[in-house]
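Trainee: Got a structure here, written out as structure tokens. Questions coming.
The values are calculated or read from the model by the stated rules, or taken from the named source; none is laboratory data. Since the model is a prediction, treat every value here as computed from it, not as a measurement. Glycine gets a Cβ as well: all are built from the backbone with ideal geometry, and neighbour counts include every protein chain shown. Protein only, heavy atoms only, side chains kept; ligands, DNA and RNA dropped before computing areas. Shrake-Rupley method; radii C 1.70, N 1.55, O 1.52, S 1.80 Å.
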Amino acid sequence: MLVSPQRTNRPWQGEISKLTDEVRPSYEPDCYLCPGNKRANGDTNPVYKKTYVFTNDFSALFENVPDVKKGENNLLLMMAEKGICRVVNFTPRHDLTLAEMQEKEILNVIDTWQTEYRSLCSHPGINYVQIFENKGSLMGNSNPHPHGQIWAQESIPTEPLKEMRQFKSFYNKRKRSLLAEYLELEQRLKERIVFENGSFIIVVPFWAIWPFETMIISKRRISSILELKKTEKQDYANALSVITKKYDNIFKTSFPYSAGLHQAPTDGEKHKEWHFHMHFYPPLLRSANIKKFMVGYEMLAEPQRDITPEYCAKILRELPVVHYKKTQTKA
Ligand SMILES: [Zn+2]
Ligand SMILES: [Zn+2]
């Protein structure tokens with residue numbers, strides 16, 4: 001990774017979006033995720049009050065697929081992949097996002113993630129569960145209703161597999177978690193920490209590629225969301241609330257990102273090396289309209305960034321935890 005802070009030849013201006021925030025109604029008759037509405041496949045959503053989960057009508061993965069394995073000259077390998085895709089509506093309210101939900105409502109989302117992770121783990125042939133959210137049309141999200149997805153599948157996908165290998169090799173050498181050691185280092189240096197509560201630390205990781213990339217890491221090494229104690233769950237809801245509010249406050253806009261939990265594979269192994277964490281990958285760079293593109297040098301050589309992770313951590317750290325819409329005086 002290449003960091004070129006000299007390219008930032010002007011001071012941070014924190015340019016505020018000239019776009020007026022789109023005002024959404026709390027219920028939208030045409031939204032296929034709103035309570036009581038009809039979905040594309042003809043099913044009707046119940047009039048749900050908290051969170052609501054259903055199997056994706058346009059799943060990328062299916063549970064019943066024939067076992068196929070084909071290869072060409074040991075060079076090209078093709079295998080059938082079994083899986084289940086779910087959609088999690090965070091709240092019945094069409095007009096909210098995690099940033100504007102109350103902590104107790106975010107707690108409902110965490111409860112749902114726990115229930116789904118537990119039930120998907122117990123499905124035969126499900127060895128990995130990916131919980132994630134794509135927020136904003138800039139991230140290709142077609143429906144503004146606050147929701148996330150869960151993809152559960154047979155094989156461990158590339159990103160968590162790479163992490164697992166690193167976690168394992170570190171654990172085998174040092175008999176402790178790589179992220180626990182990394183957190184100690186960040187707590188000593190304090191330059192990349194954005195926020196901290198009793199159970200979680202939010203950090204702009206040393207290796208961050210996206211301008212405002214962050215990680216939420218549990219202070220206690222746990223393998224998955226299932227091991228969270230009651231206070232840790234509350235602290236997790238608090239951390240989610242804080243980071244999403246700070247994000248919205250950067251450009252005073254609903255801040256787009258892809259975010260997801262990285263939890264131990266559900267392959268029946270113990271995974272003592274695994275350390276629960278969550279990634280946020282936001283694409284915005286200098287304003288609500290300027291997106292960082294991973295092109296040219298980044299595609300061909302390695303990731304490059306102009307604003308240092310330490311500077312972004314400072315910006316995020318200093319931003320208020322009260323959502324900007326709550327502080328705006330009505331004209
Ligand atoms: Zn809706
Ligand atoms: Zn990860």
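Trainee: Got a number for the accessible area of residue 142? Probe 1.4 Å, square angstrom, nearest 10.
Mentor: 110 Å²
Trainee: Could I ask something else about it? If I model a spin label as a point 7 Å beyond the Cα along the Cα-Cβ vector, how far apart are those points for residue 297 and residue 103 in nm?
Mentor: Those two pseudo-labels are separated by 4.2 nm.
Trainee: Can you give me the distance in nm between label points at residue 81 and residue 2, each placed 7 Å from the Cα along the Cα-to-Cβ direction?
Mentor: Label-label distance for residue 81 and residue 2, simple model: 3.1 nm.
Trainee: For the range 236-286, just list the percent of Cα-Cα distances falling in each 5 Å bin from zero outward, please.
Mentor: 4, 16, 23, 18, 13, 10, 8, 5, 2
Trainee: Moving to a separate point now. Taking a 1.4 Å probe, which of 209, 202 shows the most accessible area, and what order do the others take after it?
Mentor: So the residues, ranked largest to smallest area, are 209, 202.
Trainee: Considering the options 226, 266, 126, tell which one lies farthest towards the positive end of the dipole of the chain, charges being +1 on Lys and Arg and -1 on Asp and Glu at the Cβ, about the Cα centre.
Mentor: In the chain, that residue is 226.
Trainee: Would you kindly enumerate the cysteines in the chain that have no other Cys beta-carbon under 4.7 Å from their beta-carbon?
Mentor: Result for the chain is 85, 121, 312, no neighbouring Cys Cβ within the cutoff.
Trainee: For q = 0.10, 0.11 Å⁻¹, what log10 I(q)/I(0) does the chain give under the Debye formula with an equal point scatterer on each alpha carbon and no solvent?
Mentor: -0.64, -0.78
Trainee: Then there is this: Once a ≥ b ≥ c are taken as the square roots of the eigenvalues of the Cα gyration tensor of the range 213-314, is the result rounded (a/c under 1.5), prolate (a/b larger than b/c) or oblate (a/b not larger than b/c)?
Mentor: oblate
Trainee: Can you tell me the relative contact order of the chain? Whole percent, Cα pairs under 8 Å, sequence separation 6 or more.
Mentor: Reported as a whole number, the value is 22 percent.
Trainee: Let me ask another. Mind listing which trypsin sites (Lys or Arg not before Pro) in the range 233-331 are in a DSSP loop and have 12 or fewer other Cβ atoms within 10 Å?
Mentor: Answer by residue number: 270, 330.
Trainee: Related question: Which value, in Å², gives the accessible area per residue of the chain when a 1.4 Å probe is used on the protein heavy atoms?
Mentor: So the chain comes to 51 Å² accessible per residue, rounded to a whole number.
Trainee: Relative to a virtual label point 7 Å from the Cα of residue 58 in the Cα→beta-carbon direction, which members of the range 118-132 show backbone nitrogen distances below 20 Å?
Mentor: 131-132
Trainee: Just flag the trypsin sites (Lys or Arg not before Pro) in the range 175-229 sitting in loop per DSSP whose Cβ has no more than 11 other Cβ atoms within 10 Å.
Mentor: 175, 190, 229
Trainee: Stretched out fully, how many nm does the piece from residue 137 to residue 47 gain, at 0.36 nm a residue minus the Cα gap?
Mentor: 29.8 nm
Trainee: Based on the Cα atoms of the range 87-169, what semi-axes does the equivalent ellipsoid have, where each is the square root of 5 times one gyration tensor eigenvalue, given in whole Å with the largest first?
Mentor: Here the semi-axes work out to 26, 16, 13 Å.
Trainee: What residues qualify as long-range amide H neighbours of residue 195, i.e. H under 5 Å apart, gap of 5 or more or another chain, H built at 1.01 Å from N?
Mentor: Residues meeting the amide H criterion: 202.
Trainee: Right, something else. Going by Cα centres, the range 45-111 and the range 212-287 are how many Å apart?
Mentor: Cα centres, the range 45-111 to the range 212-287: 17 Å.
Trainee: Further question: Ignoring ligands, DNA and RNA, what percent of the accessible area of the chain is carbon or sulfur (1.4 Å)?
Mentor: 54 percent
Trainee: Label the range 47-191 by shape, choosing from rounded, prolate and oblate, from the square roots a ≥ b ≥ c of the eigenvalues of the Cα gyration tensor; if a/c is under 1.5 it is rounded, and otherwise prolate applies when a/b is larger than b/c, oblate when it is not.
Mentor: oblate
Trainee: If exposed means no more than 11 neighbouring beta carbons inside 10 Å and the site is in a DSSP loop, what's the longest run of the chain without any exposed chymotrypsin sites (Phe, Trp or Tyr not before Pro)?
Mentor: 59-206
Trainee: Rounded, prolate or oblate, given the Cα gyration tensor of the range 153-218, with a/c below 1.5 counting as rounded?
Mentor: It comes out oblate by the Cα gyration axes.
Trainee: Place a point 7 Å from Cα of residue 181 in the direction of its Cβ. Which residues in the range 142-170 have their backbone N less than 20 Å from it?
Mentor: Flagged as within label range: 161-170.
Trainee: Which value, in debye to the nearest 20, describes the size of the charge dipole of the range 62-160 about its Cα centre when Lys and Arg Cβ atoms bear +1, Asp and Glu Cβ atoms bear -1, and nothing else is charged?
Mentor: Roughly 140 debye for the range 62-160.
Trainee: Continuing with the same structure: Which one of 97, 214, 231 has the biggest mean-square fluctuation once the chain is modelled by GNM with Cα springs under 10 Å?
Mentor: Sorting by GNM fluctuation, first place goes to 231.
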